[in-house]
1. Inside region 144-190, can you point out the residues that are open to solvent by less than 30 Å² (accessible area, probe 1.4 Å), assigned to a loop (DSSP other than H, G, I, E, B) and small (Gly, Ala, Ser)?
2. Taking residue 7 as meeting all but one of (1) surrounded by 18 or more Cβ atoms within 10 Å (Cβ to Cβ); (2) farther than 24 Å from residue 123 by Cβ; (3) of a type in the set (Ser, Thr, Tyr), write down the number of the exception.
3. Quick check: is even one residue across region 73-83 under 22 Å from residue 158 (Cβ atoms), of a type in the set (Val, Ile, Thr) and within 13 Å of the chain's Cα centre (by Cα)?
4. Checking residue 30 against (1) in contact with a helix residue (DSSP H, G or I) (Cβ under 9 Å, 6 or more places away or on another chain); (2) of a type in the set (Val, Ile, Thr); (3) part of a loop (DSSP other than H, G, I, E, B), only one condition comes out false. Which one?
5. Are any of the residues in region 22-39 surrounded by 14 or more Cβ atoms within 10 Å (Cβ to Cβ), more than 21 Å from the chain's Cα centre (by Cα) and not small (Gly, Ala, Ser)?
6. Does residue 2 satisfy being without any contact (Cβ under 8 Å) to a residue 60 or more places away in the chain, charged (D, E, K, R) and buried (at least 20 other Cβ atoms within 10 Å of the Cβ)?
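The values are calculated or read from the model by the stated rules, or taken from the named source; none is laboratory data. Here the structure is a predicted model, which is why all the values come from computation and not from measurement. Virtual Cβ from ideal backbone geometry, glycine too; neighbours counted across all protein chains shown. Note: areas computed on protein heavy atoms with side chains; ligands, DNA, RNA excluded. Shrake-Rupley method; radii C 1.70, N 1.55, O 1.52, S 1.80 Å.
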Amino acid sequence: LDVTSCSRVGDAALEAVGRWCRRMRHLDVTRADRVTDAGVLAIAQLCPFLQHLAVAQTNVTDAGLMAVARHSSLLQHLDVEFTSGGVTDNSIVAIAAGCSLLRFINVCFTGGRVTDTAVAAIAARCPQLQELLALGGVPLTETSLRNLVQWRPSLRFLSVSGKFIDENSDVLRELKRACPGADIFVSPFD
């Protein structure tokens, strides 16, 4: 179900959809500004087959994502971009623990509240991870790159803010060797 930019969709609508579409695998509520943790909680509890969840530019916080971590073990795609600091390391670490099939995660512009701690958990617990996007104020350091070198040779796409990462560092070269064929971008901007 894709209700991107639908301003009329809120938590009650998501609960109704969850009750009638229990086998739903894909939900994109990007820019549906009436969606909150309550709607995501309902979907997580009612739709155990969910594989794709995009809550970018919504009011979803750690509370909603904790429910996803508990109930959506089949999740493969998660987009929490522009969640204004409501999403933190806490929920991303929980997602890593509960959603080990994760292949794609976008934590761009999360208000600096997703850090190396979250990336370490994703790298260690999500063996199928292929794409990680962490631009726009996500304060990652070379520690994140080291974790990806150690755990994720399956990585195919990485885009991170370069504020705390030296573009010519040994660990970046090592990551490129460990993930041959991967597109790795380090933005010089925050």
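1. 162, 169, 182
2. The failed condition is (1).
3. The answer is yes, given that some residue of region 73-83 is under 22 Å from residue 158 (Cβ atoms), of a type in the set (Val, Ile, Thr) and within 13 Å of the chain's Cα centre (by Cα).
4. That leaves (1) as the condition not met.
5. no
6. no
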